[in-house]
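Undergrad: Dropping the structure in here first, questions after.
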Amino acid sequence: MTLEHHPLPAATSQPKGATGIATGVLAILGGLGFLAAAALRTVEFAYSLILLAVGVIAPDIELSVAVPVFLGIAAVTDLFATALLASGGILLLQRKRPGRVLTAVGAAIAFGFAGLVLLVPWIGSRFAVSYSGFTPRIGSGWPFAVVLVAAAATLLLALIPQTARWLDAGG
């Protein structure tokens, strides 16, 4: 038997889709998570505006103007990450090259956002948002640590060459 009758498996096989599919699924799940976060931030934004308006009438309610601004920026960032991750994940599962770029950008934003939130208590430990004496704080940073790890994994999977090869083989 000669080598002509038995081609090498690497030369004839298609790239496996594990990395591309995993990236797409992680991106879609991340997009859904950021959509939930955007809804929560929007409610908090509206509540902070109400408290700010009431504070003008009842001076015993203390609320900085920076709170609704911060919550508004956070809601917009969450929506932007949602759009990038969800659309990128869907396009990746359809084996479209723009999905890889959208997913990588969305995961980078998610990674930066989660990292910033984890660092803010350390950086600005003297600044606390207070809603009339109630200071909302997350008891631990584990939700943001989960987002940080998931975003890092999604970003890594989107950028590795195996994902690009799988997309290229798809058409």
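Undergrad: Set the Förster radius R0 to 22 Å, insert the Cβ-Cβ distance between LEU159 and LEU40 as r into 1/(1 + (r/R0)^6), and round the FRET efficiency to 0.05.
TA: Plugging the Cβ-Cβ distance into 1/(1 + (r/R0)^6) gives 0.15.
Undergrad: Please find the FRET efficiency linking LEU119 to ALA169, where r is the Cβ-Cβ separation and R0 is fixed at 35 Å, and quote it to the nearest 0.05.
TA: Computed FRET efficiency for LEU119 and ALA169: 0.30.
Undergrad: While we're on this one: For a Förster distance of 45 Å, can you work out the FRET efficiency between the beta-carbons of VAL76 and GLN14, rounded to the nearest 0.05?
TA: The computed FRET efficiency comes out at 0.65.
No value in this document is a laboratory result; all are computed from the given coordinates. Predicted model, so just to flag it, every value in this text is computed and none were measured. Note that we place each Cβ from the backbone using ideal geometry, even for glycine, and neighbour counts take in every protein chain shown.
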